[in-house]
Amino acid sequence: MATKVRREIEPRWVSEYAAANYPNAEIRPRCPLGPPISGLREGMGIDKALRVSRPWRPEVDLAILPPDRVILVEGKIFKTMDGLSKLPIYKSLVPDTPELQDHAKKPIEMHLLVVRPLAWVLAAAEKQGIQVKEWAPPWIIPIWEERDKYWAPEAVAARAQRKQTLEKLGYI
């Protein structure tokens, strides 16, 4: 059986965005947010408590730290709703994040990174105080366009044919 290669598309995409748009700022990819698990700090110290708590703490795709603010970036190629819903929660966790204590009093911006902004995303983001940023390097366009093929008549017909074959063979 062939092993499936996991493509780390979004991390590459958001990292390229940060490098191109914030070349002089500190960038923290997959930055954990919020406090460590309650009670661990007292028993083992803050550093170990943060390491032990890491799997249970949410991560923002990027924390960008220019001198005057904190920018939380969540990149979503396809599931923009996930980014819209996560960002306000992430923002609320910054003041309780030990790794960001030096930046806790700075204004916090929320950026949703998308390949192409959709009208409903722009409207919802504006109501939540989220800035939508479009970033579409040439290599990402074919990946983004691939999603549209799912609903193309040929793809719908192929799925129907597969289902019919599976039904005839008694698998469904």
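The values are calculated or read from the model by the stated rules, or taken from the named source; none is laboratory data. As the structure is a computational prediction, the values presented were derived from the model and not from experiment. In this analysis, Cβ positions are derived from the backbone assuming ideal geometry, glycine residues included, and neighbour counts consider all displayed protein chains.
Can you tell me which residue within segment 126-151, out of those that are over 30 Å from Pro107 (Cα atoms) and in a loop (DSSP other than H, G, I, E, B), is nearest to the chain's Cα centre (by Cα)? Spell out how you get there, then give the answer.
Step one: filter segment 126-151 for residues over 30 Å from Pro107 (Cα atoms), giving 138-151.
Checking the rest, the ones that are also in a loop (DSSP other than H, G, I, E, B) come to 138-140, 150-151.
Values: Pro138: 20, Trp139: 18, Ile140: 15, Tyr150: 23, Trp151: 25 Å.
Here the answer is Ile140.
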Can you confirm whether segment 50-64 contains a residue that is of a type in the set (Val, Ile, Thr), assigned to a helix (DSSP H, G or I) and in contact with a strand residue (DSSP E or B) (Cβ under 9 Å, 6 or more places away or on another chain)? no
Pro23: without any contact (Cβ under 8 Å) to a residue 24 or more places away in the chain and of a type outside the set (Phe, Trp, Tyr), yes or no? yes
Given the conditions (1) assigned to a helix (DSSP H, G or I); (2) touching an Asp or Glu at 6+ places or on another chain (Cβ under 9 Å); (3) surrounded by fewer than 13 Cβ atoms within 10 Å (Cβ to Cβ), and given that Glu154 satisfies all but one, which numbered condition is not satisfied? (2)
For segment 79-90, enumerate the residues that are under 18 Å from Arg69 (Cα atoms), aliphatic (A, V, I, L, M) and surrounded by 17 or more Cβ atoms within 10 Å (Cβ to Cβ). Leu87
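Go over the candidates Pro29, Pro35 one by one and state the one that is on the phi < 0 side of the Ramachandran plot, in the same structural domain as Ile89 (by TED's automatic domain parsing) and in a loop (DSSP other than H, G, I, E, B).
Testing whether each residue is on the phi < 0 side of the Ramachandran plot, in the same structural domain as Ile89 (by TED's automatic domain parsing) and in a loop (DSSP other than H, G, I, E, B) leaves just Pro35.
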Looking at segment 96-120, which of the residues that are part of a loop (DSSP other than H, G, I, E, B) and β-branched (Val, Ile, Thr) is surrounded by the most Cβ atoms within 10 Å (Cβ to Cβ)? Thr97
Tell me which of these Leu93 doesn't satisfy, since it passes every other one: (1) surrounded by fewer than 20 Cβ atoms within 10 Å (Cβ to Cβ); (2) in contact with a Cys (Cβ under 8 Å, 6 or more places away or on another chain); (3) over 20 Å from Trp13 (Cα atoms); (4) of a type outside the set (Phe, Trp, Tyr). (2)
